[in-house]
1. Note the count of lysine pairs whose C-alpha atoms are less than 30 angstrom apart in the chain, limited to pairs 8 or more residues apart or on different chains.
2. Please state, as a whole number in µm²/s, the translational diffusion coefficient that the Stokes-Einstein equation yields for region 199-283 at 4 °C and 1.567 mPa s, with Rh defined as the Kirkwood radius across alpha carbon pairs.
3. Computed FRET efficiency, Cβ-Cβ of Val156 and Ala123, R0 41 Å: what is it to the nearest 0.05?
4. In debye, nearest 20: dipole of the chain around its Cα centre with unit charges on the Cβ of K, R (+) and D, E (-)?
5. Amide H neighbours of Ser103 under 5 Å, at least 5 residues apart or on other chains, H built in the peptide plane: list them.
6. Largest first and in whole Å, give the semi-axes of the chain's equivalent ellipsoid, each being the square root of 5 times a Cα gyration tensor eigenvalue.
7. Distance in nm between label sites at Gln184 and Ala146, each 7 Å beyond Cα in the beta-carbon direction?
8. Taking each pair of distinct Cα atoms in region 11-146 once, what is the resulting Kirkwood hydrodynamic radius in Å?
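The values are calculated or read from the model by the stated rules, or taken from the named source; none is laboratory data. Predicted model only: the values in this text are computed from it and were never measured. All Cβ positions, glycine included, derive from the backbone under ideal geometry; neighbour counts span all protein chains shown. The area values use the complete protein model at the heavy-atom level, side chains included, leaving out ligands, DNA and RNA. Shrake-Rupley method; radii C 1.70, N 1.55, O 1.52, S 1.80 Å.
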Amino acid sequence: MIVITGASGQLGRLVIEALLQQVPASEIVAAVRSPEKVADLAARGVQVRVADYDQPASLAAAFAGADKLLLISANEVGRRVPQHRAVIDAAKVAGVSLLAYTSLLHADTSPLPLAAEHQETEALIRASGLPAVILRNGWYTENYLASIPAALQYGVLLGSAGVGRIASAARADYAAAAAVVLTQNEQAGRIYELAGDASYTLAELASEIAQQSGQAVVYQDLPEADFKAALLAAGLPDFLATLLAESDVGASKGGLFDDSRQLSRLIGQPTASLSKLVGQALA
Ligand SMILES: NC(=O)c1ccc[n+]([C@@H]2O[C@H](COP(=O)([O-])OP(=O)(O)OC[C@H]3O[C@@H](n4cnc5c(N)ncnc54)[C@H](OP(=O)(O)O)[C@@H]3O)[C@@H](O)[C@H]2O)c1
(Lines give C-alpha, C1' and ligand atoms only; values in the text may rest on other atoms or scores of the structure.)
Protein backbone atom coordinates (compact mmCIF):
# COMPACT_ATOMS: atom_id res chain seq x y z
CA MET A 1 0.00 0.00 0.00
CA ILE A 2 1.35 3.39 -1.02
CA VAL A 3 0.19 6.45 0.91
CA ILE A 4 0.43 9.96 -0.55
CA THR A 5 0.01 12.96 1.75
CA GLY A 6 -1.08 16.28 0.28
CA ALA A 7 -2.98 14.20 -2.26
CA SER A 8 -5.56 16.94 -2.83
CA GLY A 9 -2.81 19.35 -3.91
CA GLN A 10 -1.52 19.98 -7.40
CA LEU A 11 1.56 17.78 -7.08
CA GLY A 12 -0.20 15.08 -5.07
CA ARG A 13 -2.91 14.64 -7.68
CA LEU A 14 -0.29 14.25 -10.40
CA VAL A 15 1.60 11.67 -8.31
CA ILE A 16 -1.59 9.66 -7.92
CA GLU A 17 -2.29 9.87 -11.67
CA ALA A 18 1.22 8.58 -12.35
CA LEU A 19 0.84 5.77 -9.80
CA LEU A 20 -2.50 4.73 -11.28
CA GLN A 21 -0.62 3.85 -14.48
CA GLN A 22 1.33 1.20 -12.56
CA VAL A 23 -0.50 0.20 -9.38
CA PRO A 24 -4.10 -0.93 -8.71
CA ALA A 25 -6.16 1.95 -7.32
CA SER A 26 -7.03 -0.10 -4.24
CA GLU A 27 -3.34 -0.10 -3.25
CA ILE A 28 -3.09 3.70 -3.29
CA VAL A 29 -4.14 5.86 -0.33
CA ALA A 30 -4.89 9.55 -0.82
CA ALA A 31 -4.21 11.04 2.62
CA VAL A 32 -6.00 14.39 2.81
CA ARG A 33 -7.53 16.70 5.37
CA SER A 34 -10.61 17.32 3.22
CA PRO A 35 -11.89 14.07 1.67
CA GLU A 36 -14.54 15.89 -0.34
CA LYS A 37 -11.74 17.42 -2.45
CA VAL A 38 -10.76 14.00 -3.78
CA ALA A 39 -14.19 12.44 -4.28
CA ASP A 40 -13.20 11.85 -7.91
CA LEU A 41 -10.25 9.70 -6.77
CA ALA A 42 -12.46 7.73 -4.38
CA ALA A 43 -14.83 7.08 -7.30
CA ARG A 44 -11.90 5.58 -9.18
CA GLY A 45 -11.14 3.17 -6.36
CA VAL A 46 -8.34 5.06 -4.59
CA GLN A 47 -8.57 4.73 -0.81
CA VAL A 48 -9.21 8.11 0.79
CA ARG A 49 -8.21 8.63 4.42
CA VAL A 50 -8.29 11.70 6.61
CA ALA A 51 -4.79 12.94 7.50
CA ASP A 52 -4.26 16.40 8.97
CA TYR A 53 -0.65 17.32 9.76
CA ASP A 54 -1.94 19.33 12.71
CA GLN A 55 -3.82 16.34 14.17
CA PRO A 56 -1.29 13.56 14.85
CA ALA A 57 -4.00 11.03 15.80
CA SER A 58 -5.43 11.31 12.29
CA LEU A 59 -2.01 10.46 10.83
CA ALA A 60 -1.63 7.24 12.81
CA ALA A 61 -4.99 6.03 11.50
CA ALA A 62 -4.30 7.18 7.94
CA PHE A 63 -0.97 5.38 7.72
CA ALA A 64 -2.10 2.05 9.21
CA GLY A 65 -0.93 -0.77 6.95
CA ALA A 66 1.19 1.55 4.79
CA ASP A 67 4.15 0.00 3.02
CA LYS A 68 5.48 3.16 1.36
CA LEU A 69 4.66 6.75 2.19
CA LEU A 70 5.25 9.96 0.25
CA LEU A 71 5.34 13.04 2.46
CA ILE A 72 4.64 15.97 0.18
CA SER A 73 5.98 18.98 2.02
CA ALA A 74 3.25 21.12 3.57
CA ASN A 75 2.50 24.57 2.21
CA GLU A 76 2.37 26.79 5.30
CA VAL A 77 5.91 28.11 5.34
CA GLY A 78 7.13 28.60 8.92
CA ARG A 79 4.81 25.92 10.34
CA ARG A 80 6.14 22.98 8.42
CA VAL A 81 8.73 21.43 10.74
CA PRO A 82 6.28 20.35 13.46
CA GLN A 83 3.83 19.24 10.78
CA HIS A 84 6.46 17.14 9.04
CA ARG A 85 7.66 15.79 12.40
CA ALA A 86 4.14 14.52 13.10
CA VAL A 87 4.10 12.71 9.75
CA ILE A 88 7.55 11.16 10.29
CA ASP A 89 6.57 10.00 13.80
CA ALA A 90 3.38 8.41 12.47
CA ALA A 91 5.29 6.77 9.60
CA LYS A 92 7.59 5.24 12.17
CA VAL A 93 4.67 3.87 14.18
CA ALA A 94 3.21 2.45 10.97
CA GLY A 95 6.56 0.78 10.22
CA VAL A 96 6.75 1.88 6.58
CA SER A 97 9.40 0.22 4.44
CA LEU A 98 10.10 3.50 2.63
CA LEU A 99 9.47 7.16 3.42
CA ALA A 100 9.86 9.51 0.46
CA TYR A 101 10.00 13.28 1.06
CA THR A 102 9.74 16.18 -1.37
CA SER A 103 12.57 18.49 -0.32
CA LEU A 104 14.20 21.42 -2.13
CA LEU A 105 16.95 21.33 -4.77
CA HIS A 106 20.37 21.26 -3.06
CA ALA A 107 18.58 21.77 0.27
CA ASP A 108 21.85 21.34 2.18
CA THR A 109 23.61 24.24 0.45
CA SER A 110 20.74 26.25 -1.08
CA PRO A 111 20.79 30.05 -0.66
CA LEU A 112 16.98 30.08 -0.66
CA PRO A 113 15.54 30.87 2.79
CA LEU A 114 12.97 28.14 2.07
CA ALA A 115 15.75 25.58 2.47
CA ALA A 116 15.85 25.85 6.27
CA GLU A 117 12.63 23.91 6.88
CA HIS A 118 13.69 21.26 4.37
CA GLN A 119 17.09 20.89 6.09
CA GLU A 120 15.34 20.44 9.42
CA THR A 121 12.92 17.90 7.94
CA GLU A 122 15.73 15.94 6.29
CA ALA A 123 17.51 15.86 9.67
CA LEU A 124 14.35 14.57 11.37
CA ILE A 125 14.05 11.85 8.74
CA ARG A 126 17.70 10.81 9.26
CA ALA A 127 17.19 10.78 13.02
CA SER A 128 14.06 8.62 12.67
CA GLY A 129 16.12 5.78 11.25
CA LEU A 130 13.38 5.10 8.70
CA PRO A 131 14.45 3.83 5.26
CA ALA A 132 14.04 7.03 3.26
CA VAL A 133 14.52 8.61 -0.13
CA ILE A 134 14.79 12.36 -0.56
CA LEU A 135 13.39 13.99 -3.68
CA ARG A 136 15.03 17.40 -3.74
CA ASN A 137 12.67 19.08 -6.17
CA GLY A 138 13.73 22.21 -8.02
CA TRP A 139 11.39 25.04 -8.89
CA TYR A 140 8.13 24.35 -10.67
CA THR A 141 8.11 25.98 -14.09
CA GLU A 142 4.45 26.74 -13.35
CA ASN A 143 5.62 29.28 -10.73
CA TYR A 144 6.99 31.45 -13.53
CA LEU A 145 4.26 30.65 -16.06
CA ALA A 146 1.83 32.32 -13.65
CA SER A 147 3.52 35.64 -14.54
CA ILE A 148 2.67 35.37 -18.23
CA PRO A 149 -0.67 37.25 -18.16
CA ALA A 150 0.90 40.24 -16.38
CA ALA A 151 3.96 40.12 -18.64
CA LEU A 152 1.70 40.28 -21.71
CA GLN A 153 -0.43 43.03 -20.21
CA TYR A 154 2.49 45.31 -19.34
CA GLY A 155 5.14 44.09 -21.78
CA VAL A 156 7.47 43.54 -18.84
CA LEU A 157 8.39 40.43 -16.86
CA LEU A 158 9.53 41.46 -13.39
CA GLY A 159 11.89 39.56 -11.13
CA SER A 160 14.98 39.66 -8.94
CA ALA A 161 16.80 36.66 -10.34
CA GLY A 162 19.40 38.68 -12.27
CA VAL A 163 21.25 36.42 -14.67
CA GLY A 164 20.80 33.37 -12.45
CA ARG A 165 20.03 30.29 -14.51
CA ILE A 166 16.88 28.42 -13.52
CA ALA A 167 16.55 24.70 -14.25
CA SER A 168 12.89 24.38 -13.39
CA ALA A 169 10.63 21.52 -14.43
CA ALA A 170 6.91 20.92 -14.70
CA ARG A 171 5.07 19.52 -11.69
CA ALA A 172 4.11 16.51 -13.81
CA ASP A 173 7.77 15.57 -14.26
CA TYR A 174 8.46 15.76 -10.50
CA ALA A 175 5.30 13.72 -9.93
CA ALA A 176 6.45 11.07 -12.38
CA ALA A 177 9.77 10.88 -10.51
CA ALA A 178 7.98 10.37 -7.21
CA ALA A 179 5.91 7.57 -8.73
CA VAL A 180 9.10 5.91 -9.97
CA VAL A 181 10.82 5.90 -6.58
CA LEU A 182 7.63 4.65 -4.91
CA THR A 183 7.36 1.69 -7.28
CA GLN A 184 11.01 0.71 -7.71
CA ASN A 185 13.15 -1.23 -5.28
CA GLU A 186 16.37 -0.14 -3.60
CA GLN A 187 15.50 3.52 -3.16
CA ALA A 188 16.27 3.81 0.56
CA GLY A 189 19.26 6.02 1.29
CA ARG A 190 19.12 7.89 -2.01
CA ILE A 191 19.00 11.64 -2.43
CA TYR A 192 17.93 12.92 -5.84
CA GLU A 193 18.65 16.47 -7.03
CA LEU A 194 15.75 16.97 -9.43
CA ALA A 195 15.61 19.75 -12.01
CA GLY A 196 14.84 20.36 -15.65
CA ASP A 197 17.25 19.25 -18.38
CA ALA A 198 17.73 22.82 -19.61
CA SER A 199 18.03 26.12 -17.79
CA TYR A 200 17.07 29.69 -18.62
CA THR A 201 17.44 33.21 -17.27
CA LEU A 202 14.34 35.32 -16.75
CA ALA A 203 15.45 37.45 -19.72
CA GLU A 204 15.38 34.29 -21.81
CA LEU A 205 11.94 33.45 -20.42
CA ALA A 206 10.72 36.93 -21.43
CA SER A 207 12.11 36.37 -24.95
CA GLU A 208 10.35 33.01 -25.19
CA ILE A 209 7.04 34.57 -24.16
CA ALA A 210 7.56 37.40 -26.66
CA GLN A 211 8.45 35.06 -29.49
CA GLN A 212 5.54 32.71 -28.98
CA SER A 213 2.94 35.41 -28.27
CA GLY A 214 4.09 37.84 -30.93
CA GLN A 215 3.99 40.62 -28.32
CA ALA A 216 6.91 42.64 -26.96
CA VAL A 217 7.98 41.38 -23.52
CA VAL A 218 11.26 42.31 -21.83
CA TYR A 219 12.70 41.30 -18.49
CA GLN A 220 13.20 43.97 -15.85
CA ASP A 221 15.39 43.04 -12.92
CA LEU A 222 14.43 44.73 -9.66
CA PRO A 223 15.95 44.95 -6.18
CA GLU A 224 14.25 42.43 -3.87
CA ALA A 225 12.21 45.08 -2.00
CA ASP A 226 10.91 46.59 -5.25
CA PHE A 227 9.97 43.20 -6.68
CA LYS A 228 8.15 42.32 -3.47
CA ALA A 229 6.32 45.68 -3.61
CA ALA A 230 5.27 44.97 -7.21
CA LEU A 231 3.93 41.56 -6.21
CA LEU A 232 2.00 43.11 -3.31
CA ALA A 233 0.60 45.75 -5.65
CA ALA A 234 -0.52 42.95 -7.96
CA GLY A 235 -2.57 41.55 -5.06
CA LEU A 236 -0.37 38.72 -3.80
CA PRO A 237 -0.48 38.10 -0.03
CA ASP A 238 2.55 39.26 1.92
CA PHE A 239 3.89 35.79 2.71
CA LEU A 240 3.84 34.81 -0.97
CA ALA A 241 5.35 38.08 -2.19
CA THR A 242 8.13 37.65 0.38
CA LEU A 243 8.71 34.03 -0.59
CA LEU A 244 8.85 34.73 -4.34
CA ALA A 245 11.13 37.75 -3.99
CA GLU A 246 13.49 35.91 -1.63
CA SER A 247 13.53 32.88 -3.88
CA ASP A 248 14.35 35.00 -6.94
CA VAL A 249 17.33 36.45 -5.06
CA GLY A 250 18.32 32.86 -4.26
CA ALA A 251 18.03 32.07 -7.97
CA SER A 252 20.34 35.00 -8.77
CA LYS A 253 22.96 33.15 -6.67
CA GLY A 254 22.46 29.92 -8.59
CA GLY A 255 20.05 28.37 -6.10
CA LEU A 256 17.64 27.09 -8.73
CA PHE A 257 20.29 25.73 -11.09
CA ASP A 258 21.32 22.13 -11.57
CA ASP A 259 22.59 20.32 -14.65
CA SER A 260 22.82 16.77 -13.37
CA ARG A 261 19.76 15.59 -15.34
CA GLN A 262 18.80 13.18 -12.59
CA LEU A 263 15.12 13.97 -13.16
CA SER A 264 15.06 12.91 -16.81
CA ARG A 265 17.09 9.80 -16.01
CA LEU A 266 14.65 8.85 -13.27
CA ILE A 267 11.54 9.34 -15.44
CA GLY A 268 13.17 7.81 -18.52
CA GLN A 269 12.46 10.74 -20.84
CA PRO A 270 13.53 14.36 -21.33
CA THR A 271 11.84 16.85 -19.03
CA ALA A 272 9.17 19.03 -20.67
CA SER A 273 10.91 21.97 -22.33
CA LEU A 274 10.35 25.61 -21.42
CA SER A 275 9.22 26.25 -24.96
CA LYS A 276 6.53 23.57 -24.76
CA LEU A 277 5.34 24.72 -21.34
CA VAL A 278 5.17 28.39 -22.38
CA GLY A 279 3.22 27.32 -25.47
CA GLN A 280 0.76 25.37 -23.34
CA ALA A 281 0.34 28.32 -20.97
CA LEU A 282 -0.30 30.72 -23.85
CA ALA A 283 -2.82 28.34 -25.39
N1 LIG B 1 9.21 23.38 -5.99
C2 LIG B 1 8.39 24.41 -6.06
O3 LIG B 1 8.49 25.25 -6.95
C4 LIG B 1 7.29 24.53 -5.09
C5 LIG B 1 6.36 25.56 -5.23
C6 LIG B 1 5.32 25.63 -4.34
C7 LIG B 1 5.24 24.70 -3.31
N8 LIG B 1 6.16 23.72 -3.21
C9 LIG B 1 6.10 22.70 -2.14
O10 LIG B 1 5.59 21.51 -2.73
C11 LIG B 1 4.39 21.12 -2.09
C12 LIG B 1 3.44 20.56 -3.11
O13 LIG B 1 3.19 21.55 -4.09
P14 LIG B 1 1.74 21.76 -4.66
O15 LIG B 1 1.86 22.65 -5.82
O16 LIG B 1 1.03 20.46 -4.80
O17 LIG B 1 1.06 22.56 -3.44
P18 LIG B 1 -0.49 22.69 -3.13
O19 LIG B 1 -1.30 22.54 -4.38
O20 LIG B 1 -0.64 23.93 -2.33
O21 LIG B 1 -0.82 21.41 -2.21
C22 LIG B 1 -0.46 21.38 -0.87
C23 LIG B 1 -1.11 20.16 -0.25
O24 LIG B 1 -0.78 20.14 1.15
C25 LIG B 1 -1.97 19.88 1.87
N26 LIG B 1 -1.90 20.39 3.23
C27 LIG B 1 -1.60 21.63 3.64
N28 LIG B 1 -1.69 21.71 4.98
C29 LIG B 1 -2.08 20.48 5.41
C30 LIG B 1 -2.36 19.94 6.68
N31 LIG B 1 -2.30 20.68 7.80
N32 LIG B 1 -2.71 18.64 6.77
C33 LIG B 1 -2.79 17.88 5.66
N34 LIG B 1 -2.56 18.35 4.41
C35 LIG B 1 -2.22 19.63 4.30
C36 LIG B 1 -3.04 20.60 1.08
O37 LIG B 1 -4.31 20.17 1.48
P38 LIG B 1 -5.65 21.03 1.16
O39 LIG B 1 -6.02 20.65 -0.27
O40 LIG B 1 -6.63 20.54 2.15
O41 LIG B 1 -5.31 22.47 1.30
C42 LIG B 1 -2.65 20.18 -0.32
O43 LIG B 1 -3.09 18.88 -0.60
C44 LIG B 1 3.90 22.38 -1.39
O45 LIG B 1 3.07 22.06 -0.29
C46 LIG B 1 5.18 23.06 -0.99
O47 LIG B 1 5.74 22.47 0.18
C48 LIG B 1 7.17 23.61 -4.07
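1. Working: Lys37/Lys68; Lys37/Lys92; Lys37/Lys276; Lys68/Lys92; Lys228/Lys253; Lys228/Lys276; Lys253/Lys276.
Lysine pairs, 8 or more places apart or on different chains, close enough: 7.
2. Numbers: Rh = 14.9 Å.
For these conditions, the coefficient is 87 µm²/s.
3. Values: r = 41 Å, r/R0 = 1.00.
The pair Val156/Ala123 has a calculated efficiency of 0.50.
4. Numbers: 20 positive and 28 negative charges, 117 e Å.
The calculation lands at about 560 debye.
5. Amide H neighbours of Ser103, under 5 Å, 5+ apart: Leu135, Arg136, Asn137.
6. Working: eigenvalues 219, 77, 66 Å².
That gives 33, 20, 18 Å for the three semi-axes.
7. The two pseudo-label positions are separated by 3.1 nm.
8. Working: mean 1/r = 0.0641 Å⁻¹.
Taking the inverse mean of 1/r over all distinct Cα pairs, region 11-146 comes out at 15.6 Å.
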